[in-house]
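What follows is a single structure, written as structure tokens, with notes after it.
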Amino acid sequence: MQPDGGARIETRDLCKVYRGSSRPAVDAADLTIEAGEFMTLLGPSGSGKTTTLNMIAGFEDVTSGQILLDDADIARVPPHRRNLGMVFQNYALFPHMTAADNVAFPLRQRKVGKKEIARRVAEALELVHLGEHGNRLPSQLSGGQQQRVALARAVVFAPRALLLDEPLGALDKKLRESLQLEISRLHKELGITFVFVTHDQEEALALSDRIAVFHEGRIEQVGTPDELYETPVSHFVATFLGDSNVFTGHARDGIIDTGWCELRSAGAAQAGPVALVVRPERLRIGASSEPGANVLSATVTDIVYQGAFRRVFVEFDGGTTGQIRDTTSTAPVTTGQRIEVHWPGDAGVLVPSDGVAETRVAASPVTAR
Ligand code: ADP
Ligand code: MG
């Protein structure tokens, strides 16, 4: 199990339209995954993550576009010849086979010799800390252990990349976190490319070198966790990754007119509909005397104690809701209290307004209030 640094995977203008469907499940996806990188495909359910992964794996036909593996077009390469390991959410172990036999399966398929199989299976089980459990049936293993067997089976044939589709989705929170660490360690030890699918933003932020954010079949942004958090390019990315305060309005001459207040923001010089995104940790409670600061009046609607900080939920006087991450230990605010909230004019990020907030209300009048 000593591969040579992992595969570089590239999709070019990749599209998938399922038979009988009018809307593409994956729409013009351009994505370059560097050799050895931990790339996460992140997005809500139905956004095209699994379809993309399955096209890379070869389980799903490509409608148009290209997939390159180390610069070679793999359109005509069958799945088992792509040399990619795959792990699914539901383990997909053979129930009548022991853990060791499950792990041996890909090697038998590849006609590896008996002695070599025994050696590599032992090594793979050791790698996932299941050296003692080779003789057990899947039914005799916990969910976390079964997923470790699936991981061992996926890497035993020394693939150049490992594709993981929501591998921790079926596990409870504690177990999920411990397996996250395990997967991170595996990535470092194996040194191969990982493509990891999840809808869980915290999981993505914790594990990834870079994240590709999927939204309705399109890749909306690709970047490091930091880049996505600090400089989201869209309303969707800003609200999907982490908590945000979003003020929609019209930009003109460095000022955003929300219809109920005027806000300053660096970069608001360009005229047009925009959304100003400000992270909760950038807001401060109280008045500000700093020049260029934004100050709004609000009412505290809820306070959630989180240990090291409080999440203070507010309704601004214009009706927009927001939240503040309050780390001060003195003079905590109370529910119903009238407060002032301020933030520096350069603390927010301006993104094109895509009308998400408005659409959501319009599309679901029953649940809107
Ligand atoms: P995700 O993994 O992000 O939840 P998927 O790739 O599974 O998303 O699905 C993307 C879109 O394609 C969804 O609208 C889904 O309903 C549709 N879809 C997925 N698989 C099939 C299929 N086998 N046949 C038809 N439509 C499908
Ligand atoms: Mg999926």
What about residue 272, is it open to solvent by 60 Å² or more (accessible area, probe 1.4 Å), touching a His at 6+ places or on another chain (Cβ under 9 Å) and not β-branched (Val, Ile, Thr)? no
Within region 44-78, residues on the phi < 0 side of the Ramachandran plot, within 16 Å of ligand 2 (Cβ to nearest atom) and not hydrophobic (A, V, I, L, M, F, W, C) come out as 44, 45, 47, 49, 50, 51, 52, 54, 60
Quick test of your reading of the structure: residue 196 fulfils all but one of (1) open to solvent by less than 60 Å² (accessible area, probe 1.4 Å); (2) at pLDDT below 95. Name the failing condition by number. (2)
Being assigned by TED's automatic domain parsing to the domain that holds residue 26 and surrounded by 22 or more Cβ atoms within 10 Å (Cβ to Cβ) narrows it down to one of 213, 222, so name that one. 213
Cβ pairs under 6 Å, 6+ apart or interchain, first in region 45-70 and within 11 Å of ligand 1 (Cβ to nearest atom), second charged (D, E, K, R) and open to solvent by less than 30 Å² (accessible area, probe 1.4 Å), ordered by first then second residue, are 50/165; 51/16; 53/165
For region 208-233, pairs from a residue that is part of a strand (DSSP E or B) to a residue that is at pLDDT below 95 and open to solvent by 50 Å² or more (accessible area, probe 1.4 Å), with Cβ under 8 Å and 6 or more apart or across chains, are 211/205; 220/233; 221/233; 223/231
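When you check residue 149 against the structure, is it under 27 Å from residue 8 (Cβ atoms), away from ligand 2 (no atom under 16 Å from the Cβ) and buried (at least 16 other Cβ atoms within 10 Å of the Cβ), yes or no?
So residue 149 fails the test.
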Condition (residue is more than 16 Å from ligand 1 (Cβ to nearest atom), within 18 Å of residue 200 (Cβ to Cβ), in contact (Cβ under 8 Å) with a residue 12 or more places away in the chain and of a type outside the set (A, V, I, L, M)) applied to region 152-162: is it met by at least one residue? no
Contact list please: Cβ distance under 6 Å, first residue in region 284-300 and farther than 16 Å from residue 328 by Cβ, second residue assigned to a loop (DSSP other than H, G, I, E, B) and open to solvent by 60 Å² or more (accessible area, probe 1.4 Å), pairs at least six apart or on different chains. 297/317
Quick one: would you say residue 238 is at negative phi, at pLDDT 95 or above and surrounded by 13 or more Cβ atoms within 10 Å (Cβ to Cβ)? no
Considering only residues that are more than 20 Å from residue 231 (Cβ to Cβ) and part of a loop (DSSP other than H, G, I, E, B), look in region 242-282 and name the one that is modelled with the lowest pLDDT. 271
Filtering region 152-179 down to residues that are part of a helix (DSSP H, G or I) and either open to solvent by 30 Å² or more (accessible area, probe 1.4 Å) or within 16 Å of ligand 2 (Cβ to nearest atom) (or both) yields 153, 173, 174, 175, 176, 177, 178
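I need the full set of residues from region 79-107 which are outside any loop (DSSP other than H, G, I, E, B) and either of a type in the set (A, V, I, L, M) or at positive phi (or both), in order please. Before the answer, list the steps.
Of region 79-107, the ones outside any loop (DSSP other than H, G, I, E, B) are 79-81, 84-87, 99-107.
Selection gives 84, 86, 87, 99, 100, 103, 104, 107.
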How many of the residues in region 120-146 are outside any loop (DSSP other than H, G, I, E, B) and either loosely packed, with under 13 Cβ neighbours inside 10 Å or not assigned by TED's automatic domain parsing to the domain that holds residue 167 (or both)? 2
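Which one is surrounded by the fewest Cβ atoms within 10 Å (Cβ to Cβ), of the residues in region 25-78 that are of a type in the set (Val, Ile, Thr) and under 19 Å from the mean Cα position of the chain (by Cα)?
Applying the filter and picking the extreme gives 32.
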Could you tell me how many of the residues in region 240-271 are closer than 12 Å to residue 349 by Cβ and of a type outside the set (A, V, I, L, M, F, W, C)? 5
Quick check, is residue 11 surrounded by 15 or more Cβ atoms within 10 Å (Cβ to Cβ) and touching a Phe, Trp or Tyr at 6+ places or on another chain (Cβ under 6 Å)? no
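The values are calculated or read from the model by the stated rules, or taken from the named source; none is laboratory data. It should be emphasised that the depicted structure is a prediction, and the values quoted were computed from it without experimental measurement. No Cβ is skipped: glycine too gets one built from the backbone with ideal geometry, and neighbour counts run over all protein chains shown. Ligands, DNA and RNA are stripped out before the accessible areas are found, and what is left, the full protein with its side chains, is counted by its heavy atoms. Shrake-Rupley method; radii C 1.70, N 1.55, O 1.52, S 1.80 Å.
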